[in-house]
Amino acid sequence: MIKIPARVKIFDAIMIAIFASYSLLPVFWVITTSFKTNEELTRNGTLALPEHFFLGNYPEAWEAASFSDYFLNSVFVTVVTVAVIAFFAVLIAYCLCYLNFFGKKLANYMILFGLMIPFELIMIPLFHNIKKMGLINTHWAIILPQIALWLPFSVFLLLSFMRELPQSLIDSARLDGAKEFRIMRSIVTPLLKPALISISIFNFISSWNNYMLPTIMITSDKLKTIPLGLDAFRTKFSMNVTLTCTAAVIIALPVIIFYLIFQRRLITGLTVGAVKE
Amino acid sequence: MIIPGMAIFAVFVLIPVIQTAYYSLTDWNGLKEANFIGFSNYIELLTSETSRFYIALKNNLFWMILGTTIPIFLGIFQANMLVRHQHRFSHIWQLIFFMPQILSVTVTCIIWTWLYEPTNGPINAILGFLGLESLQTSWLGNPDVVMWSLLGIYIWIAYGFDTVVFCAAMQGIHPQYYEAAVIDGANLRHQFWHITLPGISGTLISTILLQIISSFKVLDVVFLTTKGGPGYHSYILSYYAYTEGIKNIRVGYSAAISITLAILLFSVSAVYQKMTAKKR
């Protein structure tokens, strides 16, 4: 153990307090404001703590922004996206790792290329193509581009895990006469479980929070996802700070709970690319 | 087995990339036939009086440089405190600094638009409380500070990621190096410069690249806060492409902006990778 001098420790404590306020205070103010009435907000100012926990904003915000519809829409979009990406990512990564086939090099390049494509580059043709396909204003207009945009990263991550599995495992299964599909299903997939969970959590959060794609593709109020709910809210009730803060809490809460439960896996999923290289 | 997944990727990513390149050479407006007009869109973009290209480019570069260096500097600084100075509860602090990363950008922007509110926003309220009324301003409405305010939002989102990444990297450095250094009489500063920094250099190189790329993906932040305003002072290339392509339906012109953005992004990444190739 290395001894840390006391003055360094005090300096650290001060710095961490500053950064923690930077990260936490905005969220803290939003939460406290959601428990205030508008009258109280104007009377006591923004920084005062709520006088008592006023819960009335919650049902009102929930009703006003028809969050129950948005919630179901978000669940549908997210579940389909996560499931399809996980399925295809295993298939593609398995083929790229263990099989030899015509066009493998090309597929590899496509995946690497896909890692670098920002959504901003393709949004305009994507919008017009989807309009032509007649998919605009359906959930598929969000789901399919999400799958296409995030599949490369998931494949990339699975591949880096797969390459660390012992090759002898696959070889001996092949010697025993197992078909490729069976090797993939019964041997490789169970071993990939941690990586699969990481990419699924990552895709879950990205899909749940996705804003630009639904904004461009969805106009019908019935089909909107949760992040757009807050948006509609903001324009309708722009003066109502307490209700807006309440809506923000409602939207953020499921993700924060999810984050606290799965924090380790989630952080690994998000940071593994940077540390592994 | 590989085909269905790759097909979705090809239809919804690869083909649109090619289309963007093609449309940028046409005058397509989303309805009538597209006419091939060569590089006119690019010439208009670079030379026209009404073009917002240079202000958007300047803002993109501002965002790229400061949005990469500041979060990485803070990330290393924090990781060094949490890991090297053996801070108790290091894990909990990492969790807190990382949290903004997982919030929906809608929520983040709602929070910050409200914080920046000129009349009763918390930031101006604090400044008033501290007696610093002269510093109060309309954070998102003042052309001189708007890009700094947006940068403040971006750093809030991004820096926890770097902290967590560098914590992981520093935990991977073998403790024997530090023990040997202490025996040789090295203080904390020497340890940082001669052991910690070289030890995380691989991670540092890839994190800088990731940050450069993500500093371009900020369309939603601008869209949700200033919408390019006041005036055109917070235009960035992707927002410019969005307004031209979806609002004004000048698809060709908008595609030219997107391609310029892509060229900028790819050339910065390529130069950076070339520069660091030797060190890997």
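The values are calculated or read from the model by the stated rules, or taken from the named source; none is laboratory data. Everything numeric in this text was worked out from a predicted model, so none of it was measured. Every residue, glycine among them, receives a Cβ derived from its backbone with ideal geometry; neighbour counts consider all protein chains shown. Note: areas computed on protein heavy atoms with side chains; ligands, DNA, RNA excluded. Shrake-Rupley method; radii C 1.70, N 1.55, O 1.52, S 1.80 Å.
Name every residue in the range B:22-58 that is on the phi > 0 side of the Ramachandran plot and exposed (fewer than 15 other Cβ atoms within 10 Å of the Cβ), in order of residue number.
Step one: list which residues in the range B:22-58 are on the phi > 0 side of the Ramachandran plot, which gives B:30, B:38.
Passing the criteria: only B:GLY38.
Out of all the residues in the range B:118-148, which are surrounded by fewer than 23 Cβ atoms within 10 Å (Cβ to Cβ), part of a helix (DSSP H, G or I) and more than 12 Å from chain A (Cβ to nearest Cβ)?
B:GLU133, B:SER134, B:LEU135, B:MET147, B:TRP148
Identify the single condition in (1) crowded, with 19+ Cβ neighbours inside 10 Å; (2) free of Cβ contacts under 8 Å to residues at least 40 places away in the same chain; (3) not hydroxyl-bearing (Ser, Thr, Tyr) that B:VAL164 does not satisfy, given that it satisfies every other one.
(2)
Tell me whether the range B:272-279 contains one or more residues that are over 30 Å from B:VAL182 (Cα atoms), at pLDDT below 85 and at the interface with chain A (Cβ under 9 Å from one of its Cβ atoms).
no
Being within 10 Å of chain B (Cβ to nearest Cβ), open to solvent by less than 10 Å² (accessible area, probe 1.4 Å) and either part of a helix (DSSP H, G or I) or among the hydrophobic types (A, V, I, L, M, F, W, C) (or both) is the requirement here; does A:TYR94 meet it?
Working: within 10 Å of chain B (Cβ to nearest Cβ): yes; open to solvent by less than 10 Å² (accessible area, probe 1.4 Å): yes; either part of a helix (DSSP H, G or I) or among the hydrophobic types (A, V, I, L, M, F, W, C) (or both): yes.
It is true that A:TYR94 is within 10 Å of chain B (Cβ to nearest Cβ), open to solvent by less than 10 Å² (accessible area, probe 1.4 Å) and either part of a helix (DSSP H, G or I) or among the hydrophobic types (A, V, I, L, M, F, W, C) (or both).
Could you tell me whether any residue of the range B:107-117 is surrounded by fewer than 21 Cβ atoms within 10 Å (Cβ to Cβ), away from every other protein chain (no Cβ under 11 Å) and touching a Ser or Thr at 6+ places or on another chain (Cβ under 9 Å)?
Here is the first cut: in the range B:107-117, the residues surrounded by fewer than 21 Cβ atoms within 10 Å (Cβ to Cβ) are B:113, B:117.
Keeping just the survivors that are away from every other protein chain (no Cβ under 11 Å) gives none.
No, because not a single residue in the range B:107-117 is surrounded by fewer than 21 Cβ atoms within 10 Å (Cβ to Cβ), away from every other protein chain (no Cβ under 11 Å) and touching a Ser or Thr at 6+ places or on another chain (Cβ under 9 Å).
If you check A:PHE53, A:PHE87, which single one turns out to be in contact with a Phe, Trp or Tyr (Cβ under 7 Å, 6 or more places away or on another chain) and of a type outside the set (Ser, Thr, Tyr)? Please lay out each step first, then the result.
Values: A:PHE87 fails: in contact with a Phe, Trp or Tyr (Cβ under 7 Å, 6 or more places away or on another chain).
Criteria check complete, one pass: A:PHE53.
Looking only at the range A:27-44, decide whether some residue is open to solvent by 70 Å² or more (accessible area, probe 1.4 Å), farther than 26 Å from A:ILE201 by Cα and more than 12 Å from every other protein chain (Cβ to nearest Cβ).
There is at least one residue in the range A:27-44 that is open to solvent by 70 Å² or more (accessible area, probe 1.4 Å), farther than 26 Å from A:ILE201 by Cα and more than 12 Å from every other protein chain (Cβ to nearest Cβ).
Scan the range A:3-26 for residues that are surrounded by fewer than 11 Cβ atoms within 10 Å (Cβ to Cβ) and among the β-branched types (Val, Ile, Thr) and jot them down. Even if it seems obvious, please write down each step before you answer.
Filtering the range A:3-26 down to residues surrounded by fewer than 11 Cβ atoms within 10 Å (Cβ to Cβ) leaves A:3, A:6-7, A:10, A:14, A:17-18.
Correct list: A:ILE10, A:ILE14, A:ILE18.
Assess whether A:ASN240 counts as being more than 22 Å from B:TYR239 (Cα to Cα), open to solvent by less than 20 Å² (accessible area, probe 1.4 Å), more than 10 Å from chain B (Cβ to nearest Cβ) and not β-branched (Val, Ile, Thr). I'd like the intermediate steps shown before the answer.
Values: more than 22 Å from B:TYR239 (Cα to Cα): yes; open to solvent by less than 20 Å² (accessible area, probe 1.4 Å): no; more than 10 Å from chain B (Cβ to nearest Cβ): yes; not β-branched (Val, Ile, Thr): yes.
The answer is no for A:ASN240.
Can you name the residue in the range B:67-90 that is facing another protein chain (nearest Cβ under 9 Å), free of Cβ contacts under 8 Å to residues at least 24 places away in the same chain and in a helix (DSSP H, G or I) and is also most open to solvent (accessible area, probe 1.4 Å) among such residues?
This residue is B:PHE77.
Within the range B:241-252, count every residue that is touching a helix residue (DSSP H, G or I) at 6+ places or on another chain (Cβ under 6 Å) and open to solvent by 10 Å² or more (accessible area, probe 1.4 Å).
Keep residues of the range B:241-252 that are touching a helix residue (DSSP H, G or I) at 6+ places or on another chain (Cβ under 6 Å), which gives B:241, B:244-245, B:250-252.
Filter again for open to solvent by 10 Å² or more (accessible area, probe 1.4 Å), leaving B:244, B:250.
Count: 2.
Return a yes/no flag: does the range B:225-234 have any residue that is outside any loop (DSSP other than H, G, I, E, B), open to solvent by 10 Å² or more (accessible area, probe 1.4 Å) and farther than 21 Å from B:PHE39 by Cα. Walk me through how you get there before you give the answer.
Looking only at the range B:225-234, we keep the residues that are outside any loop (DSSP other than H, G, I, E, B), and these are B:225.
Subset that is open to solvent by 10 Å² or more (accessible area, probe 1.4 Å): B:225.
Next, from what is left, pick out any that are farther than 21 Å from B:PHE39 by Cα: B:225.
Looking for residues that are outside any loop (DSSP other than H, G, I, E, B), open to solvent by 10 Å² or more (accessible area, probe 1.4 Å) and farther than 21 Å from B:PHE39 by Cα, one finds at least one in the range B:225-234, hence yes.
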